[in-house]
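Report on one structure; see the data block that follows.
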Amino acid sequence: MALEFDTTPTIDLRSGDPEEKREELRRYLHATFEIEDRLYETPGGDETFYLRPDPLRHPLIFYLGHTATFYVNKLVLARILTERINPRFESIFAIGVDEMSWDDLNEAHYDWPAVEEVRAYRRTVREKLDEVISSLPLDLPIDWESPFWAVMMGIEHQRIHIETSSVLIRQLPLESVRSDGPFAPCTESGEAPRNELIEVPAGTVELGKPADHPFYGWDNEYGKHTADVPGFRASKFLVSHAEFLPFIEDGGYGNERWWDQEGWAWRTYQEAEHPRFLRPDGDGGYRLRLMQEEVPLPLDWPVEVNCLEARAFCAWLAAKTGKSLRLPTEEEWRRLYDLGAIPDVDGWEGAPGNINLAHWASSCPVDRYAFGEFYDVIGNVWQWTETPIAGFPGFKVHPLYDDFSTPTFDTQHNLIKGGSFISTGNEATRHARYAFRRHFHQHAGFRYVESECAVDVKSDVYETDELLAQYCEFHWGAAFYGVPNFAAACARICIEVMGDRPRGRALDLGCAVGRSTFELAREFEHVTGLDFSARFVRIGNEMREKGYIQFVLPEEGELVSYHERRLDEFGLAGTRKRVEFFQSDACNLKPIYEDFDLVFAGNLIDRLYSPRKFLEMIHERIRPGGLLVIASPYTWLAEYTEKDEWLGGFKRDGENVTTLDGLTQVLAPQFRMIREPRDVPFVIRETKRKFQHSMSELTVWERHRR
């Protein structure tokens, strides 16, 4: 059977007639909203949207608003939209999706709106997007530089959340879910096939998507990686419930021998005794939780587990069989894909497996869809690999979404491959690369391989992103030409000008990789560091959590040097518990960021898309008598700030208008300047022999006490 959804695959963005492509995009957008809207009919009532099915993630109300908010935030960033639709929603629903260390999951901080308010907002956003598609100039090909890339980014992002939200719905109490929704499961089940290992000959695989590929891609898909894969043996089928049950019955969940350190810590903390979606039936057996119902355990369906459980099973089975068994690498999975001669979605005459919502809203028997000698190379459930995600050679981030991949390049997120029954859009394509933390549950299972080749997984990652490494050195590196460290110098000035004012809470806006945040914590009880870039925030959190960071600096040409910086080198180890880092938009801050004694905005205002809006609202975040400290070199550039948003650096009526003039005018209703402006120099190292020497003007403003 087929489900009642438009499951047209993702769109060719490079060929065809532009006006026909416009209509194709419109249909793809509305089909995406339709599927997601139907998914959110599954919860039984509005109260269900405020439950937390997973304690490490937000309630469903967040995800109901998040995908619509994402469109608006990205189109504002791309300057396609000049006005927000609902600034409050576009703040509270913006960030907090993956279970990253900087997610703020304290529900006391959130005043969630009513479900109908959010549904109305989604309808408004959908109408606005239809207008954008109708009016935006469209030239083919649509590539990274095209305005329509931002539209496709929103659509493909929404399709990811159709899947991730379905996982959360699957974890809701059964009584909170409608049983009559449109997401009908498979009803086929029978005797489970006996699994076996099949020889896979050695071969070469090429991973990575070329820049001119016709389908939309996320940043981690691009680049090129070629690998020679030694011969190995792989299981013919995904591991079924029937194959996994003996591991449970043999006490596998209670035997530390089968688990690595990370896995045992998770198992102990969760007190797990079986896979999450299995429910004991009271008679020594199990039932299987699906999205809308529980069914008797289909023994021939794939077991759904996290990576840690899959690893433990492999260790147990290896001991039982005397074979060297483990999860496959990304390269080994791709070898199976290539041997199966599986076409990409543009070559499908119909979905070749249980994928793209083409058949059921559940998994199905593991022997239902063959790809050569192997089954379910794509579809049914995602397949865990032993490969932590990282960028391919040539990787670069897209400026509209710098936090899609880079926060996961931490060795803690393993790749899942192949897609599941509900994987649509980009998720169903040949080059799809998605990764989750190893304790994370998705519609994911696994197959195992026999190989004598060990998987080399590094425990530490040297940051090689050129901009990040440059800022790591700027904040945490050596001083050059006698110029003191800028972040530390600004923090010292902030502490000095506080005088006898309270030093309770400070906000470091535009914190970058965090040095000034830690420095302020020498004297403040608590300091929050915020930056628009998740890449920067990740480094700050890494320093807070591990106490050190590692990065690579260019020396000359292809020569590089390796560096490590530790908090204890700077006498800052004692500040770790007093700092926190989050991603945020300084022009649209969440309501939770308020009541600060000090706000420091270091080299920030000339990089904001609306500095005036920031300055007009920042008093709301500062206690009366508190201080706002601004440092900036005033290097206004149209690529960051439209010229009509500049605070200064131009002539008006024939007279020079400086940024200090603009600051004074905008801040006067709420602040008074209490110190004369002063220059703070800084030096940024580009290579061993190339440096930027700049001067930032620092001003101090006290909020009126009235």
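Out of Phe524, Phe440, Phe436, I need the residue that is more than 30 Å from Glu304 (Cα to Cα) and not hydroxyl-bearing (Ser, Thr, Tyr). Which one?
Values: Phe440 fails: more than 30 Å from Glu304 (Cα to Cα); Phe436 fails: more than 30 Å from Glu304 (Cα to Cα).
Every option except Phe524 fails the conditions.
Against the conditions (1) over 30 Å from Leu13 (Cβ atoms); (2) in the same structural domain as Phe395 (by TED's automatic domain parsing); (3) not aliphatic (A, V, I, L, M), where does Tyr269 fall short? Just the number, please.
That leaves (2) as the condition not met.
Is it the case that some residue within segment 530-540 is part of a loop (DSSP other than H, G, I, E, B), assigned by TED's automatic domain parsing to the domain that holds Cys494, within 21 Å of the chain's Cα centre (by Cα) and buried (at least 17 other Cβ atoms within 10 Å of the Cβ)? Walk me through it before giving the result.
Residues of segment 530-540 part of a loop (DSSP other than H, G, I, E, B): 532-533.
Cutting the leftovers down to assigned by TED's automatic domain parsing to the domain that holds Cys494 gives us 532-533.
The next check asks that each one be within 21 Å of the chain's Cα centre (by Cα); those that pass are 532-533.
Checking the rest, the ones that are also buried (at least 17 other Cβ atoms within 10 Å of the Cβ) come to 532-533.
Yes; the residues of segment 530-540 include at least one that is part of a loop (DSSP other than H, G, I, E, B), assigned by TED's automatic domain parsing to the domain that holds Cys494, within 21 Å of the chain's Cα centre (by Cα) and buried (at least 17 other Cβ atoms within 10 Å of the Cβ).
In segment 561-580, how many residues are in contact (Cβ under 8 Å) with a residue 24 or more places away in the chain and acidic (Asp, Glu)?
1
So is Leu60 buried (at least 18 other Cβ atoms within 10 Å of the Cβ), under 28 Å from Ser135 (Cβ atoms) and in the same structural domain as Glu156 (by TED's automatic domain parsing) or not? Reasoning before the result, please.
Details: buried (at least 18 other Cβ atoms within 10 Å of the Cβ): yes; under 28 Å from Ser135 (Cβ atoms): no; in the same structural domain as Glu156 (by TED's automatic domain parsing): yes.
No, not satisfied.
Considering segment 276-288 alone, what residues qualify as being more than 25 Å from Leu327 (Cα to Cα) and under 33 Å from the mean Cα position of the chain (by Cα)?
Those that are more than 25 Å from Leu327 (Cα to Cα) and under 33 Å from the mean Cα position of the chain (by Cα): Arg279, Arg287.
Of Ala108, Ala31, Ala120, Ala94, which residue is assigned to a helix (DSSP H, G or I), at pLDDT below 95 and not β-branched (Val, Ile, Thr)?
On the way: Ala31 fails: at pLDDT below 95; Ala120 fails: at pLDDT below 95; Ala94 fails: assigned to a helix (DSSP H, G or I).
Among Ala108, Ala31, Ala120, Ala94, only Ala108 is assigned to a helix (DSSP H, G or I), at pLDDT below 95 and not β-branched (Val, Ile, Thr).
Looking only at residues that are aromatic (Phe, Trp, Tyr) and part of a strand (DSSP E or B) in segment 561-588, which one is surrounded by the fewest Cβ atoms within 10 Å (Cβ to Cβ)? So that I can check it myself, show each step before the final result.
So the first thing to find is which residues in segment 561-588 are aromatic (Phe, Trp, Tyr), and the list is 562, 570, 581-582.
Imposing the further condition that a residue be part of a strand (DSSP E or B) reduces the set to 562, 581-582.
Values: Tyr562: 10, Phe581: 28, Phe582: 22.
Top of the filtered list is Tyr562.
Could you list, in sequence order, the residues of segment 545-560 that are free of Cβ contacts under 8 Å to residues at least 40 places away in the same chain and loosely packed, with under 12 Cβ neighbours inside 10 Å?
Those that are free of Cβ contacts under 8 Å to residues at least 40 places away in the same chain and loosely packed, with under 12 Cβ neighbours inside 10 Å: Gly557, Glu558, Leu559.
Out of segment 498-529, which residues are free of Cβ contacts under 8 Å to residues at least 60 places away in the same chain and either farther than 16 Å from Ala631 by Cβ or not assigned by TED's automatic domain parsing to the domain that holds Lys590 (or both)?
Within segment 498-529, Gly499, Asp500, Val513, Ala521, Arg522, Glu523, Glu525, His526, Val527 meet the criteria.
Check whether at least one residue in segment 598-607 is over 25 Å from the mean Cα position of the chain (by Cα), within 23 Å of Ile684 (Cα to Cα) and among the aromatic types (Phe, Trp, Tyr), and report yes or no.
To start, the set of residues in segment 598-607 that are over 25 Å from the mean Cα position of the chain (by Cα) comprises 598-603, 605-606.
Remaining after also requiring within 23 Å of Ile684 (Cα to Cα): 600-603, 605-606.
Keeping just the survivors that are among the aromatic types (Phe, Trp, Tyr) gives 600.
Yes, segment 598-607 contains a residue that is over 25 Å from the mean Cα position of the chain (by Cα), within 23 Å of Ile684 (Cα to Cα) and among the aromatic types (Phe, Trp, Tyr).
Can you find a residue in segment 619-627 that is assigned by TED's automatic domain parsing to the domain that holds Glu558 and modelled with pLDDT under 95?
Let us first name the residues in segment 619-627 that are assigned by TED's automatic domain parsing to the domain that holds Glu558, namely 619-627.
Those left that are additionally modelled with pLDDT under 95: none.
Within segment 619-627, not a single residue is assigned by TED's automatic domain parsing to the domain that holds Glu558 and modelled with pLDDT under 95.
The values are calculated or read from the model by the stated rules, or taken from the named source; none is laboratory data. Note that the structure is a prediction, hence the values are computed from the model and not measured. Glycine gets a Cβ as well: all are built from the backbone with ideal geometry, and neighbour counts include every protein chain shown.
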